[in-house]
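Encoded as structure tokens, the structure appears first; notes follow it.
Just so it is clear, none of the values below were taken in a lab; they were calculated from the coordinates. Quantities reported herein were computed from a predicted structural model and do not represent experimental measurements. Here Cβ is always computed from backbone atoms with ideal geometry, including for glycine, and neighbour counts include all displayed protein chains.
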Amino acid sequence: MTIIAGVVVLKGEAELFARVRDYIRKSISRVPTQIAEFGDRNCFLAKVDVGAYGAPAAHADPVGNVSLLAGEPLMRVEGDGPVPDREADLARLHEQWVRSDWSGLDRSTGTFCAVHWRAGKREIALISDKLGVRPIYYWRGKDLVIFATALRILEAIPSVPLDMDLRGTTETAAFAFPLGERTAYKDISTIGAGQVVQIAADGAQKLDYWRWDRLDSYRRGVPQVAADCYRAFHSAIRRRLHGSRTAVAFLSGGLDSRAIASALLEQGLDVHTLNFAWEGTQDYVFASEAAKALGSRHHQLGVDLKQMYAFRGRVYNQTLVTQLLESEPNLRGVRRVVWSGDGGSVGVGHAYLNRDTVRIAQNGQTDAAIDAFLEFNRNVVNHRILKRSMVDTLVAIPREGMREELARLDCADPGRALHLFLMLNDQRRHLSSFFENSDIDRMEFQLPFYDADFLEPILRSPVEGFLRHEFYMEWLRHFPPATLAAPWQAYPGHVPCPLPMPAGLRYQWEKTFFPEDFVAESKRSLLHDVQMFLKSSHFPDTIISRQRLQVARLLTKLGIRNYDYLLKRALVYCRYAAGGTRAVPLTSAE
């Protein structure tokens, strides 16, 4: 777990500097921890690092230039070169960055972000990985800039204005994230994929050091690409091992985490797999069967409903992992890094795309393809609770935003452009809630599905053959037979699992998947949060009809109709209209 935050005075002397510095110290971590501080009279940089990667990855030179790193660049080495070293990688990059040379980032393959302070020029550079998975948010005022790897830190600083951005908030309601470099606030931005944002007194300059849409096309067929990706995946695994002989990995009932566990075992590691699912679900049973087939040491971690809500959903899962690492004798001393299958379903499986939408795009009908995509994935704005005067404006925003994102891409294959839209938006924001709460989780994820060298053959290929997990299954045929020996949960409409499916197990994409007590607690929390905002002075009356929202809440509470989807989307507007975490904390899990 690494969190970086800072404030830089761009010119003169900012009166707010000392106050902002103190707010950063207070808000960078919500649990007691050691904070490393760097900078000078014009710059304050703070970093919290739990030591999951061993080296702290902070570099300061004799003249006051500072580079801080979150995550790992994992610089590509040729042949039998040395294993990537986080501290050494940063030292080499720092020497280049001082000269405004960003070319070395071309060799990065990992998930990371970085901050570089150039003292002599009073210039701060914010740097993302090739997919931008690890975020940096920033606000620029009259004479200073404030930035952090967690949005909650900027929300905690009173001098940062939190005026809701209508486009960013509406996109969050429709897609679950804002598009492009927007956030839900007008004056706060985030950095894009493969980007360096340099901010100085005379303005901000953005440099794209990596463009996925401008790579040469890959001229190999799907079987050859699958073989290349199998080798690249194992390279991605090796890059992240750092000599470890024990690995802790999530294992669900799907294929992403299973591929990682299989690859780790192929490389001779002692693998401990973790599952959080409820009994009676395919996720629970298939994970256990996969662990037996693969030969991992499997841990089934129980889910306590009240604790889950107290810890805000996914954070609770990471808390269980922490407890396991501290209590399991075989895991004591193991780095606080867990291998996770995030990124596999979209990056390799091409989830959220279908053939009809891709064909429409490839026929040059961009607007029709956007409409088909939004309808297929239900990324729409429902007008039922909106003020009538706002309906036309808000309903058009998801389509507008998606059109803008596709127009930015210089992609020969319009179908691949749709996939890149997902990679550079959905997947770029996929782990934002984890990074928001990393001060509590106090661990890191290893994310081989986001490895840039692994993804490159896929993203350089025409999209045909990659839809519906077709390429995924071709790729998995290169793995040991045990990988596919146990059943798995397949996405609806994708390549089905050919193995016999045990009867009576709850399926992830069915309404009956969640236990009744979980559904009841979710409903109670949702109704509570809506009621809280209905009574709040921060209620966005110009956007949402208070009366319609009250009716939707009442009908849902009485069980006459289920409008939970409307209530959840209303809460997005309510949250950001109230200034996010400056408002009263919600009880419902995010």
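Annotations
- Close amide H partners of Ser252, meaning residues 5 or more places away or on another chain with modelled amide H under 5 Å apart, are Ser257, Arg258.
- Per-residue Cβ neighbour counts within 10 Å put Trp475, Trp509 in the sequence Trp509, Trp475, beginning with the fewest.
- Global geometry of the range 403-457, whether rounded, prolate or oblate, following the gyration tensor of its Cα atoms and the 1.5 cut on a/c: oblate
- Kirkwood Rh and Cα Rg combined as Rg/Rh, the range 396-501: 1.02
- About its Cα centre, the dipole of the chain is roughly 1300 debye, where the only charges are +1 on Lys and Arg Cβ and -1 on Asp and Glu Cβ.
- Each residue of the range 12-25 was assigned a 3J(HN,Hα) from its phi angle through the Karplus expression (A = 6.51, B = -1.76, C = 1.60, θ = phi - 60°), giving x, 10, 7, 5, 7, 3, 5, 5, 4, 4, 5, 5, 5, 4 Hz with x at Gly and Pro.
- Tail beyond 37 Å, pair distance distribution of the chain (Cα, percent): 33
- Unit charges at the beta carbon, dipole of the range 2-212: most positive-side option, Gln205, Ala18, Gly54: Ala18
- Note on the range 2-212: percent of Cα-Cα distances in each 5 Å bin, starting at 0 and stopping at the bin with the largest distance, equals 1, 7, 16, 20, 21, 17, 11, 5, 2, 1, 0.
- Amide H to amide H distances under 5 Å link Tyr209 with Gln195, Val196, where only residues 5 or more positions off or on other chains count and H is placed in the peptide plane.
- Ascending count of other beta-carbon atoms within 10 Å, so fewest first, for Thr556, Thr33: Thr33, Thr556
- Positive-end extreme of charge dipole, the range 454-590 - chosen from Ile544, Pro492, Leu567 (charges on Cβ): Ile544
- Relative contact order (percent, whole number), the range 514-582, Cα cutoff 8 Å, 6+ residue spacing: 37
- Cα shape, the range 353-435, gyration tensor, a/c 1.5 rule: oblate
- Around Gly401: net Lys/Arg minus Asp/Glu count, Cβ-Cβ under 15 Å: -2
- Listed by chain and number, the lysines whose alpha-carbon sits under 29 Å from that of Lys142, ignoring those within fewer than 8 places in the same chain, are Lys11, Lys26, Lys47, Lys121, Lys186, Lys206.
- For the range 1-80, applying the loop criterion from DSSP together with a ceiling of 15 other beta carbons within 10 Å to the GluC sites (Glu not before Pro) yields Glu13, Glu15, Glu78.
- Shape class for the range 120-182: oblate, because the ratio a/c of the largest to smallest gyration tensor axis (alpha-carbon atoms, square roots of eigenvalues) is 1.5 or more and b/c is at least a/b.
- The range 514-582: projected area of the alpha-carbon convex hull, averaged over directions, in nm²: 4.8
- Lys, Arg +1 and Asp, Glu -1 on Cβ, resulting dipole of the range 355-426 about Cα centre, debye, nearest 20: 300
- The residue among Ala520, Ala226, Ala482 whose Cα reaches farthest toward the positive pole of the charge dipole of the chain, with charges on the beta-carbon of Lys, Arg, Asp and Glu, is Ala520.
- Sequence of Thr273, Thr393, Thr183 once ranked by neighbouring C-beta atoms within 10 Å, starting from the fewest: Thr393, Thr183, Thr273
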